[in-house]
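The structure appears below as structure tokens.
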Amino acid sequence: MGAKPSSARCKDKGPRRMVFPRGRQQFSPWDDTLLSGKDPRSLLKRGMRHVSFSLVTKGMTDIPDFLWGLSEVQKLNLSHNQLRALPPEVGKLSRLVVLNLCGNRLRSLPREIGLLKSLKVLFVNMNCLTELPAELSACRSLEVLSLSHNCLSQLPASFADLSRLRKLNLSNNYFAHIPLCVFALKELDFLHVGSNRLENIAESIQCLVGLQIFIAESNNIHAFPRSLCLLTSLELLNLNNNDIQTLPDELYLLWRLGRIAWNPMDKGLHISHNPLSKPLPELVEGGLEMLFSYLKDKKHS
């Protein structure tokens, strides 16, 4: 049974004592701009493709109000602060394409996030989320969604409407099963459900025909479903640290896996730390070609 996400991250830490350095107080660039009466738009970074704004690792518990007036912002990075809430005013930033809220203390997201019709990338990993608003499914342009390291156990059924979603990270949460809405996301090529509380993988996984990377390590999955073998686009399949004892004869259909993989970052079949029955452990040690040959012969004998 794999490691489970700690509930400790869902509890706020106690107040910290503030220590001020001697001498002249140092202000952040945005503090300095406001104090000198400059236009906050002077803080925007205008790149070749996007207008961006970043307040990373500032120790903020609240978002400065001037931000909601920067309507031209397309990439907003508020990661690694101590934000406990995202104000509904975020809906005013209608041009947002990328929103990074990673590493805060958010317990929920406002319904107004559904107003971000241009949003393509949303990082809300490493927070304290226990639920998500159904309105998030109105972000129909969303392609990348990271919800890892939170306290989630379900997703709104309306997430099935995120028809352009390609990459979804649900790892390190409290899911007992893969939410049904996930199987409606036909464009998914990356799905990470590792370090949850899964005991099985539903046959509906076969609906994700474009899946290239599927990670379900560190759960308590008891069986390798035959339906996984229908996902012939898979290049990385990670089922390490589960309770799998047998492998389906049809596994050889996943020829794109290429090899048995041992490094977590490598493409291939990851199947270590499972109680595989004999002779499977020896075959795995011998490599993917030997394993496939055995399973193919077994199927046709």
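The values are calculated or read from the model by the stated rules, or taken from the named source; none is laboratory data. Just so we're clear, the structure is a prediction, and the values are computed from it rather than from any experiment. A quick note on method: Cβ atoms are made from the backbone with ideal geometry, for glycine too, and the neighbour counts reach across all protein chains shown. To get the accessible areas, we keep the full protein, side chains included, count just its heavy atoms, and leave off ligands, DNA and RNA. Shrake-Rupley method; radii C 1.70, N 1.55, O 1.52, S 1.80 Å.
Determine whether Arg95 is assigned to a loop (DSSP other than H, G, I, E, B), surrounded by 15 or more Cβ atoms within 10 Å (Cβ to Cβ), of a type in the set (Lys, Arg) and modelled with pLDDT of 60 or more. So that I can check it myself, show each step before the final result.
On the way: assigned to a loop (DSSP other than H, G, I, E, B): yes; surrounded by 15 or more Cβ atoms within 10 Å (Cβ to Cβ): yes; of a type in the set (Lys, Arg): yes; modelled with pLDDT of 60 or more: yes.
So Arg95 passes the test.
Restricting region 201-212 to residues that are over 18 Å from Leu239 (Cα atoms) and assigned to a loop (DSSP other than H, G, I, E, B) leaves a set whose member that is least open to solvent (accessible area, probe 1.4 Å) is Gly210. A count restricted to region 51-68 and to residues that are in a loop (DSSP other than H, G, I, E, B) and open to solvent by less than 50 Å² (accessible area, probe 1.4 Å) stands at 6.
Return the residue satisfying two criteria in turn: it lies in region 267-286 and is touching a strand residue (DSSP E or B) at 6+ places or on another chain (Cβ under 9 Å) and open to solvent by less than 50 Å² (accessible area, probe 1.4 Å), and of such residues it is farthest from Leu211 (Cα to Cα). In this case the residue turns out to be Gly286. The residues in region 160-183 that are touching a strand residue (DSSP E or B) at 6+ places or on another chain (Cβ under 9 Å) and without any contact (Cβ under 8 Å) to a residue 24 or more places away in the chain can be counted, and the count is 1.
Taking Leu115, is it in contact with a Leu (Cβ under 6 Å, 6 or more places away or on another chain) and not basic (Lys, Arg)? Taking the combined requirement at face value, the residue does not satisfy it. Taken over region 28-82, residues that are modelled with pLDDT of 90 or more and of a type in the set (Gly, Ala, Ser) amount to 6. Scanning region 254-263 turns up one or more residues that are open to solvent by 90 Å² or more (accessible area, probe 1.4 Å) and in a loop (DSSP other than H, G, I, E, B).
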